[in-house]
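The next block holds one structure in the form of structure tokens; read it before the comments.
The values are calculated or read from the model by the stated rules, or taken from the named source; none is laboratory data. If you're wondering where the values come from, they're calculated on a predicted model, not measured in any experiment. All Cβ positions, glycine included, derive from the backbone under ideal geometry; neighbour counts span all protein chains shown.
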């Protein structure tokens, strides 16, 4: 079916779901770019196809790519013992058997600072921990380092933000650079992602969508008190839809990693309870034994994000949303069109 049909279906879904965000679909030589809703409600500023949006945990892929680049350079190995590199006393309760591979695949066994097995309200974290103080990776460490191990490294999958904070600390230790600077220079710049970055909520650049949370009375408030003031290795970057497409392109054409490490990053190393697979920083859905899609997702208060690459048809989808929900229903509309 034609792109005009998809555009019509997206407009219907956006109206039904009150979707606010941007959508980019690229299939071979065909491209659809659309935007809906408000980037700033009080200023009546609309979203555009090139508006910046937060992507929460969607940028764990950036962290995985950074680690793989260090492996490619011979400065680290997936089998490296994490505590051989990060040997500070604050990690004394962690297992010395924990490897870089364990962190990348959410199987390290360390406790998370936001444990989805026992918590469901991310904003509740900041009742006792001022979110405006969390500007560097090291600022997160006291939130998880004093907790005992949950299980032996490699025992099972347990989605873990703290593990990706640890990976970011490894990148900082080995590269000698702040993590966000490393990603912007060694991942965003080579891909031409000129409009993306790790921006502080109190210093957002122009053309950035505010994240919005709906309250019980139906009013909307921004998410500035509900997420860390600046993102890092576990999430929180801001990207545009075209830049996210450039990231996929840079990964798949080996601008960022050599073919061997790209293939390893996209290998289904472990699966979760829902039989979804996880590579390094990327989810993998399989069908008939083959990868149907490589996909990213991110959810925070005021943020929902999905992006995927479908290898059999060479298609890329980016859905950015500045509300807590909304990206997934839009993705499903696109998938019905792509995979018919």
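Tabulated results
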{"read-out": "Matching option when the condition is in contact (Cβ under 8 Å) with a residue 24 or more places away in the chain, under 21 Å from the mean Cα position of the chain (by Cα) and more than 16 Å from residue 323 (Cβ to Cβ), among 66, 22, 56", "value": "66"}
{"read-out": "Out of 60, 27, sole residue that is buried (at least 17 other Cβ atoms within 10 Å of the Cβ), modelled with pLDDT of 95 or more and touching a helix residue (DSSP H, G or I) at 6+ places or on another chain (Cβ under 9 Å)", "value": "60"}
{"read-out": "Selection within the stretch 184-201 - assigned to a loop (DSSP other than H, G, I, E, B) and crowded, with 18+ Cβ neighbours inside 10 Å", "value": "193, 195, 196, 198, 199"}
{"read-out": "Number of positions in the stretch 28-38 that are under 24 Å from residue 309 (Cβ atoms), in contact with a strand residue (DSSP E or B) (Cβ under 9 Å, 6 or more places away or on another chain) and assigned to a loop (DSSP other than H, G, I, E, B)", "value": "1"}
{"read-out": "Failed criterion for residue 47 (all others in (1) surrounded by fewer than 18 Cβ atoms within 10 Å (Cβ to Cβ); (2) modelled with pLDDT of 95 or more hold)", "value": "(1)"}
{"read-out": "Checking residue 205 against (1) modelled with pLDDT of 95 or more; (2) in contact with a strand residue (DSSP E or B) (Cβ under 8 Å, 6 or more places away or on another chain); (3) surrounded by 14 or more Cβ atoms within 10 Å (Cβ to Cβ), the condition it does not meet", "value": "(3)"}
{"read-out": "Those residues of the stretch 39-53 which are in contact with a strand residue (DSSP E or B) (Cβ under 8 Å, 6 or more places away or on another chain) and free of Cβ contacts under 8 Å to residues at least 60 places away in the same chain, in sequence order", "value": "44, 45, 46"}
{"read-out": "Near pairs, Cβ below 8 angstrom, 6+ apart or cross-chain, from the stretch 253-270 (in contact (Cβ under 8 Å) with a residue 24 or more places away in the chain) to any residue that is surrounded by fewer than 12 Cβ atoms within 10 Å (Cβ to Cβ)", "value": "none"}
{"read-out": "Pairs with Cβ under 7 Å, 6+ apart, first in the stretch 166-192 and on the phi > 0 side of the Ramachandran plot, second buried (at least 18 other Cβ atoms within 10 Å of the Cβ) and part of a helix (DSSP H, G or I)", "value": "192/246"}
{"read-out": "In the stretch 307-319, the residues that are touching a helix residue (DSSP H, G or I) at 6+ places or on another chain (Cβ under 8 Å) and touching a residue at least 40 places away in the same chain (Cβ under 8 Å)", "value": "307, 309, 313, 315, 316, 317, 318, 319"}
{"read-out": "Check on residue 34, at pLDDT 95 or above and touching a helix residue (DSSP H, G or I) at 6+ places or on another chain (Cβ under 8 Å)", "value": "yes"}
